[in-house]
Amino acid sequence: AECARRMVTLGRRVRAERDGEAIEGVAEALGEDGALLLRLDSGEEMPLWERLDSLYFMRHDADEIAWHTFTLHQRSLSPPIVKAREAAQAGNLQVMVYADDFPELFLRITGCFGALGLSILDAKVHTSARAWALDSFLLADPRERPIAEMVDTVEKALLASLRAERPRVPQAGRISRQAKHFPIPPQISIRPDEAGQRFILNLTATDRPGLLFTVAQVLSEHGIEVEMARITTLGERAEDTFVIKGGALAMPDRLLEVERALLARLTPTD
């Protein structure tokens, strides 16, 4: 299908492990169930990614898909899976999280990154129709610690956070001098999606340490779950979009409470 050709780079070789055996082939298309169809050198067609859907392939590039495929089809690993590597942008980290989706997942991930002193430059949060989450993050370390050290630190800390009784709460970080003198007034918009089954949260604010954790905390306090997110940081400006769900959103007065709570938490106090 033409849609599938846009979602997966045709001709790209993908290597994975299945049932203890290494497999390699060319990503051809998506099956009707959302599986990535891999054409092996023998001519056999093998489905991968049965637990994800087409939206995943629309939002990730070929390099990310290849990395995820290689990681998630290793027999020795079982969810939750956390993997980190040096990003193409030198000095930054790329982190993937694959787990059963649950209400505090996004809160726990952002809380862990905040506690480690890492800044989230970009995030792709994806939850499949089968309630599996595969989230990808691009992180910067203001302290510029060695990449190899941080890869190990992030993997261990994030796994521990996902298995802990409660989320980690990062300390409040300082905003930059420029952001302090030229703050961006927060803007919040929550509206139903086209199908009327989920809501779209659009947020613009001054970027600062712990911003996403603050957003996740407010949503969690109101019983709202994050199903998808697109995080964009442009200098001191954060422009984030979330697909969210929760009973509070169906009631105008409760939805207004959520908007007010977000505005209050995101407005600088000094």
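Filtering the range 211-236 to residues that are modelled with pLDDT under 85 and charged (D, E, K, R) leaves GLU227, ARG230, GLU236. So which pairs qualify, if the first residue must be in the range 188-211 and under 16 Å from ALA229 (Cβ atoms) and surrounded by 12 or more Cβ atoms within 10 Å (Cβ to Cβ), the second must be of a type in the set (Lys, Arg) and modelled with pLDDT of 90 or more, the Cβ gap must be under 7 Å, and the two must be at least 6 apart or on different chains? Note: pairs meeting the criteria are PHE199/ARG191; ILE200/ARG191.
One residue stands out among those in the range 156-166 that are touching a residue at least 60 places away in the same chain (Cβ under 8 Å) and surrounded by 16 or more Cβ atoms within 10 Å (Cβ to Cβ): the one that is nearest to ARG108 (Cα to Cα), which is LEU162. Mind checking which residues of the range 227-270 are of a type in the set (D, E, K, R), surrounded by 14 or more Cβ atoms within 10 Å (Cβ to Cβ), outside any strand (DSSP E or B) and out of contact with any helix residue (DSSP H, G or I) (no Cβ under 8 Å at 6 or more places or on another chain)? Of everything in the range 227-270, just one residue is of a type in the set (D, E, K, R), surrounded by 14 or more Cβ atoms within 10 Å (Cβ to Cβ), outside any strand (DSSP E or B) and out of contact with any helix residue (DSSP H, G or I) (no Cβ under 8 Å at 6 or more places or on another chain), namely GLU259.
The values are calculated or read from the model by the stated rules, or taken from the named source; none is laboratory data. The structure presented is a predicted model; accordingly, all values stated were derived computationally and were not measured. Cβ sites come from the backbone with ideal geometry, for glycine too, and all protein chains shown count toward neighbours.
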